[in-house]
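Colleague: Would you mind keeping the following structure in view while I ask a few things?
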Amino acid sequence: MSRIGKQPMPLPAGVTARVEDGAVILQGPKGELSLKVPATVEVTLDGGILTVTRRGDDKQSRADHGTTRALLGNMAEGVTTGYRRDLEIQGVGFKASLSGRQLTLNVGYSHPVDYTVPDGVTVEVVDGTQIKVSGIDKQLVGQVSARIRSFRPPEPYKGKGVRYKDERVRRKAGKTVA
């Protein structure tokens, strides 16, 4: 039995849930999210408590059991408080700017890198070197943050590039002249 999956999930205050047609829809103060439930598990709503049970005992059912419960927990947190990832840009002349839904990064290439921010995510640029990515969908916030970081990941010699705010970059010693 999955330790995560067997835990009942009480809904936070201000969150309503509906289970219909193989999907769970959570609605809260920040917005609405839905999850298509795999056929191997069943989600029931009873008095403000979501319970995930598995239909069989095969490997796929056991895997989907805990995953579905964790995704529902992430959705409940997303519609109440939301998620945020902070990125920072380090390097001489490296900067970011935002106009509408278009994020422009100048990160050492001969051309600026343009990225269109998808719907459901809010991007904010502070001082040209701080980027704040926020939204209610944890997966989408993480994916957009990783995509922005992938344009120029931090390099180990000088540490230049786009990094997560809490990321530690292992530095290497450069060549030494004898």
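Colleague: How large is ³J(HN,Hα) for each residue in segment 59-74, as worked out from phi by the Karplus curve 6.51 cos²θ - 1.76 cosθ + 1.60 (θ = phi - 60°), to whole Hz, x for Gly and Pro?
Modeller: So the Karplus estimates, Gly and Pro as x, are 4, 5, 5, 5, 5, 6, 4, x, 5, 4, 5, 5, 5, 5, x, 5 Hz.
Colleague: Let me ask another. As I understand it, the value is the acute angle between the Cα axis of helix 138-150 and the longest principal axis of the Cα atoms of the chain; what does it come to in degrees, rounded to 10?
Modeller: Helix 138-150 sits roughly 20 degrees off the main axis of the chain.
Colleague: Mind checking the per residue accessible area of the chain for me, 1.4 Å probe, whole number of Å²?
Modeller: 60 Å²
Colleague: Identify the trypsin sites (Lys or Arg not before Pro) of segment 82-178 meeting these criteria: DSSP loop state and at most 14 other C-beta atoms within 10 Å of the C-beta.
Modeller: Qualifying residues, ordered by number: ARG101, LYS158, LYS165, ARG168, ARG170, ARG171, LYS172, LYS175.
Colleague: Also, quick follow-up: Amide H to amide H, which residues 5 or more places from VAL37 or on other chains are under 5 Å from it, using H placed in the peptide plane?
Modeller: Under 5 Å from the amide H of VAL37: ALA23, VAL24.
Colleague: Answer with one residue from LEU35, PRO153, SER99: the one whose Cα lies farthest towards the positive end of the charge dipole of the chain, charges on Cβ with Lys, Arg +1 and Asp, Glu -1.
Modeller: Result: PRO153.
Colleague: Whose amide H sits under 5 Å from the amide H of LEU50, counting only residues 5 or more places off or on another chain, with H placed in the peptide plane?
Modeller: Sorted by chain and number, the residues that satisfy this are MET9, LEU11.
Colleague: Taking volume of the Cα convex hull per residue in Å³ straight from the coordinates, which label in (1) 180; (2) 168; (3) 125 is the correct one?
Modeller: After the calculation, the listed value that fits is (2).
Colleague: Within segment 86-169, list the GluC sites (Glu not before Pro) lying in a DSSP loop whose Cβ has at most 16 other Cβ atoms in a 10 Å radius.
Modeller: Filter output for segment 86-169: GLU167.
Colleague: May I pose another question? Count the lysine pairs in the chain whose Cα atoms lie under 15 Å apart, taking only pairs 8 or more positions apart in sequence or on different chains.
Modeller: Pairs that pass both the separation and distance tests number 7.
Colleague: Tally up the carbon and sulfur contribution to the accessible surface of segment 1-137 as a whole percent, 1.4 Å probe, everything protein left in place.
Modeller: 49 percent
Colleague: Output ³J(HN,Hα) for segment 122-132: one whole-Hz value per residue in order, computed from phi by the Karplus curve 6.51 cos²θ - 1.76 cosθ + 1.60 with θ = phi - 60°, and x for Gly and Pro.
Modeller: Per residue, the Karplus-derived 3J(HN,Hα) values read 10, 10, 10, 10, 10, 6, x, 10, 10, 10, 10 Hz.
Colleague: Each residue of segment 80-95 in order: what ³J(HN,Hα) in whole Hz does its phi give by Karplus 6.51 cos²θ - 1.76 cosθ + 1.60, θ = phi - 60°, with x for Gly and Pro?
Modeller: 9, 10, x, 10, 8, 10, 10, 10, 9, 10, 10, x, 5, x, 7, 7
Colleague: I've got another one for you. Using unit Cβ charges (K, R positive; D, E negative) and no other charged atoms, how large, in debye to the nearest 20, is the dipole of the chain about its Cα centre?
Modeller: The calculation lands at about 1060 debye.
Colleague: Using only helices, what value at 222 nm comes out for the chain when you add -39,500 (n - 2.57) per DSSP H run of length 4 or more and divide by the total residues, to the nearest 500 deg cm²/dmol?
Modeller: -6500 deg cm²/dmol
Colleague: Hey, with R₀ at 30 Å, roughly what FRET efficiency would SER110 and TYR157 work out to, going by the Cβ-Cβ distance, to 0.05?
Modeller: Calculated value: 0.90.
The values are calculated or read from the model by the stated rules, or taken from the named source; none is laboratory data. Predicted, not measured: the structure shown is a model, and the values here were computed from it. Every residue, glycine as well, gets a Cβ built from its backbone with ideal geometry; the counts of neighbours run over all protein chains shown. We work out accessible area using only protein heavy atoms, side chains counted, and drop any ligands, DNA or RNA first. Shrake-Rupley method; radii C 1.70, N 1.55, O 1.52, S 1.80 Å.
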